[in-house]
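Notes for the one structure printed next.
Every read-out reported here was derived from the displayed coordinates using simple, explicitly stated rules and does not represent laboratory data. Computed from a predicted structure; not experimentally measured. As a convention, Cβ positions derive from the backbone with ideal geometry for all residues, glycine included, and neighbour counts pool all protein chains shown.
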Amino acid sequence: MYRIKLSAAISSALLSLALLHSGMARASDDSEVKIAYVTGDLSALVPLVADSQGIFQKHQLKASFIAVKSGPEMVSAIISGSAEFSDAAPQIAFPAMARGAHVVYLMNNYDLDYSLLARPSVAINDKAPYPDIVKPLKGMRVGVVGRGGLTEIFARKVFADAGLNPDKDMSIIAVGAGLSAVGAFQNDQVDALVSLPPTDTVLGRGKYEVVVSNKTARDDVFGKNFISTGVSANGDFVDANPQVTQRYCEAYKETIDFIHAPQNREAVVKLVSAKLNLPVATAGRVFDQYSANFNARLTKERWDFMRKRQPDAPTWEKGVYPPCAEISVK
């Protein structure tokens, strides 16, 4: 009897060791990936959800995050190899890619959510059409997330559309994203602000004038096929690690589907609250207003639209990684 009990105990111990070893082996098999993201920006949510909900782990990925302040910093991180992935705006990356930087785009991330807001003291004629409505901002201070980023490109475009000189007729001030931008607007550091979530929601209605709405930004400023942010990667890493890249794209697409599933709203809103430093109720309003912007689809039609806008944009064959583009449309 003693031998039977001893044998059973040894077998149990060996099984436990085997399971432990298996778990450790699986953990060691997880591929480490470094992801650059802009803090305080709703568009950076997808990889954070993937990490918190175990979706990266499911695809044998171990993520670490590099917080940056602007799109140009994300592009620099990708080019230098300090990060393998980001959600940088293609319009920022294209000039570097034209100069030989090995950056590739994998899928879309999040569609344009910009608007242009002005302080209530600015005399805006809300009956004026775009772009005439922008003209009263001549000579004023305009807040953007960071210099050289897509928010500055947007501000320059709306001023140029209004017949103003972006270099002479406004002062561009970097104010960051999220609550940092809110503070700059409330404390009279800027007269107008390129707003992205959660700025407008936190400010609250009646605290600003809408100069360019999000709908106008999409339809008239940039166009409906404009790629605002895309999942981008260091091309050398992609070439050397095609399987890891494939798993990353599968996890990313799964996460966007997770975000859109109604049963997951509470979990996602809690993360929005934590990452954007918002009360849960405010985070819920932000999510409900902008969650439809999460969109993985990267098509040749959208890419060609970007190439028409920007002559230095690479061809689809050179600038896009096809296996991930295929995943994006599933």
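Numbers below:
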{"read-out": "Acute angle (nearest 10 degrees) that the helix 265-276 long axis makes with the longest principal axis of the chain, alpha-carbon atoms", "value": "70 degrees"}
{"read-out": "Fewest-first sequence of Asp30, Asp239 by Cβ atoms within 10 Å of each Cβ", "value": "Asp239, Asp30"}
{"read-out": "Per-residue [θ]222 nm for the chain (sum of -39500 (n - 2.57) over DSSP H runs n ≥ 4, rounded to 500)", "value": "-13500 deg cm²/dmol"}
{"read-out": "Nearest 10 degrees, 0 to 90: helix 280-290 Cα axis against the chain principal axis", "value": "70 degrees"}
{"read-out": "Label selected from (i) 156; (ii) 293; (iii) 136, the criterion being volume of the Cα convex hull per residue in Å³ as computed here", "value": "(i)"}
{"read-out": "Folded to 0 to 90 degrees: helix 71-80 orientation relative to the chain principal axis, Cα", "value": "40 degrees"}
{"read-out": "Sorted by Cβ neighbour density within 10 Å, fewest at the top, the residues Val144, Val210", "value": "Val210, Val144"}
{"read-out": "Among 178-187, 94-103, the order from most to least packed when residues are scored by Cβ within 10 Å on average", "value": "178-187, 94-103"}
{"read-out": "Residue with peak Gaussian network fluctuation, the chain [Cα springs, cutoff 10 Å], from Ala155, Ala50, Ala267", "value": "Ala267"}
{"read-out": "Within straight-line cross-link reach of Lys318, lysines at Cα separation under 21 Å, skipping those fewer than 8 residues along the same chain", "value": "Lys300, Lys308"}
{"read-out": "Set of lysines near Lys127 by C-alpha distance (under 29 Å), chain-local residues within fewer than 8 positions excluded", "value": "Lys135, Lys138, Lys157, Lys168, Lys207, Lys215, Lys224"}
{"read-out": "Calculated FRET value between Ala123 and Gln263, using beta carbons and R₀ = 30 Å, to 0.05", "value": "0.05"}
{"read-out": "Neighbour cut-off at most 12 other Cβ (10 Å), DSSP loop, trypsin sites (Lys or Arg not before Pro), region 212-259", "value": "Lys224"}
{"read-out": "Exposure proxy order (Cβ contacts within 10 Å, fewest to most) of Trp316, Trp303", "value": "Trp316, Trp303"}
{"read-out": "Neighbour cut-off at most 12 other Cβ (10 Å), DSSP loop, trypsin sites (Lys or Arg not before Pro), region 103-143", "value": "Lys127"}
